[in-house]
Amino acid sequence: MAERGKQGSVEEKKIVCWASPGCIHQCGLIATVEDGRLVKLRGNPDYPTPNHGCADRMPYHVNWLYNSEQLLHPLKRVGERGENQWEQIPWDQALDEIAAKLAELKEKYGPETLALHEGTYRNDMYGLRTRFLNLFGNPSNIGCAGTICRCNTVAMNYALLGMTNARPKAANVKCLVLDGCALSETAPLDFQRLKQRKTDGDFKLIVIDPRKTAAGRFADIWVQLRPGTDTALFLGWINVIIEEGLYDKEFVDEWTFGFDELRARAAEYTPERVAEITWVPPDVIRESARMYATNWPAGFHWGSATDMLGRNSVRVEQARVCLRAITGNLKIGGADVIVGPGPIINGTIGVRDSMLTMPERISPEMRKKQLGSDRFRLMGWPGYEAIAPYHEATYGIPFPTAAHNFVAVQPLIWKAILERDPYPITAMITWGSNYLLNGGDVKTMYKASKSPNLELNVVMEHFLTPTAMLADYVLPIASKLEKPMCATHEDFAPNIACGEAAVEPLGERHGDFHVWKGLAERLGFGEYFPWKDEVELADYRLAPLGLTFKEVATEKYFVRSDEPWTYDTINPRTGKKTGFATPSGKAELYSNILEKLGYDPLPFYEEPPESPISTPEVAKEYPYILITGGNFRPMFHSENRQLGIGTREQYPDPIMDIHPDTARALGIEEGDWVYVETRRGVIRQRATLTDELNPRVVNVQSHWWFPEQPSREPWLGGLWESNCNVLTIADDPDTFDQITGGWPLRALLCKIWKAETVDASQA
């Protein structure tokens, strides 16, 4: 394997752990490099956050980097898509040909014909990506997991509070609510701190989850609700808290808007009615509501489970925001205080992603072409135009358009490819995403990827994933171990994190910066990409703060504001308290933004699009409620499945959870291969029997593929065997969240049976 690096030396590099191969929690690590080769990683004790590396994923990073299947050279398809026939080509040739094809398609169909697909938090180049799209003239036809993973809740926070919220630290709260969050699997360091806090002192823990997770085993209250009914539960909490006078009257009077309207809406959700919806007894609803309201400060730590419900999904977050507000947990000293943008040092803010994007280049006419923004308005241009004036008037900086709270509706991209409706999508660039594993409705995505209507399909990747197997060009991208990083976490946090590259890029790999700059130069707008590399761009972003990339990456690591910017801060622009960046200047229980966009301004509960109640006829054939998306350490999404890294050796097979009573009735024993079928398809996983979920509920693990299988049709790396998204819905907009366009991945209906064979394709 060809490498570039120092020889005959030992170095220590200070890096920031990021997704691929890590996760999204920005741990500070020290990399030991011998003769240009990474040999060891350990936590950086000087890193200014508590995240100093986890024992669950970090030990595998070296093996991941030097795995024999890493892509080292640009590849061009020479056979049919899916035949696994490639030729190596130089980078310049790849970029020349891609740019030429983009120019041709733009001339023929218009700039809207390009779509991007990407993963959340996989990189630090979102500002540059958006800059490229806006200069190309594209209406931000970006498909990503943001509409089903945290970013939709971020968008709701911008609408209700004018800023996103940070997750509370267990050390600062007297009561923590985990909602749909398997913290032990997704954030092991946070989980260890939570366990310690529970051991040490007066601390209440409420876990809301259909499964008894590791945290649920030592929770004060485990609320085992029916999957998909979280909004109803929280409206029941609001009902109890208001009716029993447990809310913070002073904060409500001074800093909230629409309390009387919320009271009237919550009156509809008595504990008895909510119990019928959620399967949670009325006394548990009351007890958990009281525990949250009477142990101040209290905070919510939520997972992506509630983001993946489809219809009514972000109403869960709207109800949680209302709870944070009426209990005073948004006020100074509370657990969920909203902090403004940053970092700000000596009154000066650094260059955030939003300041790089140039949204003024997109005309009102072109903005209307963003896929899905006519119907699912919050996370597109209509939401931007409704929220941005208040954000910019309050904070004096652009509203984020580089983040994943501003995207198109992903399933509509596949429709535009296959049906050329409302116009043809003929080119797609995928970066930081393996969409055939993390999207919904794999069959439709597969058809679109294979369609001749898609004339250009480019994938930027580390490995030949199932998604890359169907590309026309595969560009070998440097990982976070191989490139410097300077990130604002998609503008969702008031800080900038910087880290060095541990080693020089392997083979001919380059960072994403090289692609966006290279394409921009070839398409005629390279002058807007004046930086020679990632470090020079980082220096530009840090210059207003009087800092350099080298200084931050090697000494400071993590730049924060001098003082948090909150609703109570005196705004230098007005000389008055900043308030909230909303039409009322307050936390909005009744949302003026949602009302302006044509939605109900108050939270309400709507039944999942597929359930025993909404689709009783379907439930007769598919009697079990299915949870997809179960995460488990040390895997992170679809990464780390390759043999030889150590993770697959530890967990060779996908696992589904089933209650012993259900298993017994179906003749299923521990370790059996089991078929799981919905109306969309069938997969197989191994059964694990557990009484920590309801007998009517089944849970399957997410993101499973098998890189050891052939990279050609019909195998495509085991795409079809155990991939939970074979089972999910993403082809019916009526099932989507009507505010954001998120599609349903959980709370579906299924049937299960013991496998007599182990080939799901034969089922």
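The values are calculated or read from the model by the stated rules, or taken from the named source; none is laboratory data. The shown structure was predicted, so the numbers you read here are calculated from the model rather than taken from an experiment. All Cβ positions, glycine included, derive from the backbone under ideal geometry; neighbour counts span all protein chains shown.
Results, tabulated for the structure shown:
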item: Unique residue being of a type in the set (A, V, I, L, M), modelled with pLDDT of 95 or more, more than 20 Å from the chain's Cα centre (by Cα) and more than 22 Å from Leu542 (Cα to Cα) when the list is Met366, Met358, Met379; result: Met366
item: Single match in Arg193, Arg197, Arg273 (criterion: at pLDDT 90 or above and either assigned by TED's automatic domain parsing to the domain that holds Pro297 or over 23 Å from Cys23 (Cα atoms) (or both)); result: Arg273
item: Positions within the range 339-367 being in a loop (DSSP other than H, G, I, E, B) and either under 20 Å from Arg129 (Cα atoms) or in contact with a strand residue (DSSP E or B) (Cβ under 6 Å, 6 or more places away or on another chain) (or both), in sequence order; result: Pro343, Gly350, Val351, Arg352, Thr357, Met358, Ile362, Ser363
item: Condition broken by Asn84, with the remaining ones in (1) over 20 Å from Asn434 (Cβ atoms); (2) in a loop (DSSP other than H, G, I, E, B) satisfied; result: (1)
item: Unique match (being modelled with pLDDT under 95, farther than 21 Å from Ser561 by Cβ and under 26 Å from the mean Cα position of the chain (by Cα)) among Phe406, Phe399; result: Phe406
item: Asp472 being surrounded by fewer than 24 Cβ atoms within 10 Å (Cβ to Cβ) and at positive phi; result: no
item: Near pairs, Cβ below 7 angstrom, 6+ apart or cross-chain, from the range 688-699 (touching a residue at least 40 places away in the same chain (Cβ under 8 Å) and assigned by TED's automatic domain parsing to the domain that holds Gly667) to any residue that is assigned to a loop (DSSP other than H, G, I, E, B) and of a type in the set (A, V, I, L, M, F, W, C); result: Asn699/Leu693
item: Selection status of Thr164, among the polar types (S, T, N, Q), under 28 Å from Tyr269 (Cβ atoms) and either in contact with a strand residue (DSSP E or B) (Cβ under 9 Å, 6 or more places away or on another chain) or at pLDDT 95 or above (or both); result: no
item: Residue in the range 526-538 that is under 30 Å from Leu233 (Cα atoms) and either crowded, with 18+ Cβ neighbours inside 10 Å or of a type in the set (D, E, K, R) (or both) present; result: no
item: Of residues in the range 604-637 being of a type in the set (Val, Ile, Thr) and under 21 Å from the mean Cα position of the chain (by Cα), the one farthest from Arg265 (Cα to Cα); result: Thr628
item: Tally, over the range 128-154, of residues that are at pLDDT 95 or above and in a helix (DSSP H, G or I); result: 9
item: Asn51 vs. criteria in contact with a helix residue (DSSP H, G or I) (Cβ under 7 Å, 6 or more places away or on another chain) and under 22 Å from Phe632 (Cβ atoms); result: yes
item: Qualifying positions in the range 84-112 - over 23 Å from Arg420 (Cβ atoms) and aromatic (Phe, Trp, Tyr); result: Trp86, Trp91
item: Filtered residues of the range 176-213 (kept if surrounded by fewer than 21 Cβ atoms within 10 Å (Cβ to Cβ) and closer than 23 Å to Pro281 by Cβ); result: Lys204, Lys212
item: Scope the range 253-270; condition under 13 Å from Leu323 (Cα atoms) and either at pLDDT below 95 or of a type in the set (Lys, Arg) (or both); matching residues; result: Arg263
item: Number of the exception - Gly216 against (1) crowded, with 24+ Cβ neighbours inside 10 Å; (2) at pLDDT 85 or above; (3) small (Gly, Ala, Ser); result: (1)
item: Residue in the range 252-268 that is touching a residue at least 40 places away in the same chain (Cβ under 8 Å) and closer than 15 Å to Asn157 by Cα present; result: yes
item: Selection from the range 303-334 of residues that are at negative phi, at pLDDT 90 or above and in a loop (DSSP other than H, G, I, E, B); result: Arg311, Thr327, Asn329, Leu330, Lys331, Ile332, Gly334
item: In the range 585-633, residue surrounded by the fewest Cβ atoms within 10 Å (Cβ to Cβ) [restricted to those that are of a type in the set (Gly, Ala, Ser) and modelled with pLDDT of 95 or more]; result: Gly598
item: Any hit, the range 254-262, residues being within 23 Å of Phe604 (Cβ to Cβ), surrounded by fewer than 18 Cβ atoms within 10 Å (Cβ to Cβ) and not assigned by TED's automatic domain parsing to the domain that holds Gly741; result: yes
item: Residue ranges of strands (runs of 3 or more DSSP E) in the range 624-718 with at least 3 members within 30 Å of Gln70 (Cβ to Cβ); result: 624-630, 682-689
item: In the range 634-678, residue modelled with the lowest pLDDT [restricted to those that are among the aromatic types (Phe, Trp, Tyr) and within 14 Å of Asp56 (Cα to Cα)]; result: Phe636
item: Condition check for Lys483: outside any helix (DSSP H, G or I), of a type in the set (D, E, K, R) and within 30 Å of Glu87 (Cα to Cα); result: yes
item: Residues within the range 634-647 that are crowded, with 17+ Cβ neighbours inside 10 Å and either without any contact (Cβ under 8 Å) to a residue 24 or more places away in the chain or touching an Asp or Glu at 6+ places or on another chain (Cβ under 6 Å) (or both), tallied; result: 2
item: Matching residues, the range 610-623, being part of a loop (DSSP other than H, G, I, E, B) and free of Cβ contacts under 8 Å to residues at least 12 places away in the same chain; result: Ile613, Ser614
item: Strands (runs of 3 or more DSSP E) (entirely within the range 1-54) containing at least 2 residues that are modelled with pLDDT under 85 and closer than 26 Å to Glu461 by Cα; result: none
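For every residue, the table says whether it meets (1) over 21 Å from Arg509 (Cα atoms); (2) touching a Phe, Trp or Tyr at 6+ places or on another chain (Cβ under 8 Å); (3) of a type in the set (D, E, K, R); (4) surrounded by 19 or more Cβ atoms within 10 Å (Cβ to Cβ).
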residue: Val10; (1), (2), (3), (4): yes, no, no, no
residue: Val16; (1), (2), (3), (4): no, yes, no, yes
residue: Asn51; (1), (2), (3), (4): yes, no, no, yes
residue: Met58; (1), (2), (3), (4): yes, no, no, yes
residue: Gln70; (1), (2), (3), (4): no, yes, no, yes
residue: Gly82; (1), (2), (3), (4): yes, no, no, yes
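Conditions (1) touching a strand residue (DSSP E or B) at 6+ places or on another chain (Cβ under 8 Å); (2) aliphatic (A, V, I, L, M); (3) more than 18 Å from Gly127 (Cα to Cα); (4) not in a loop (DSSP other than H, G, I, E, B), marked per residue:
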| site | (1), (2), (3), (4) |
| --- | --- |
| His514 | no, no, no, yes |
| Val535 | no, yes, no, yes |
| Thr554 | yes, no, yes, yes |
| Tyr590 | yes, no, yes, no |
| Ile593 | no, yes, yes, yes |
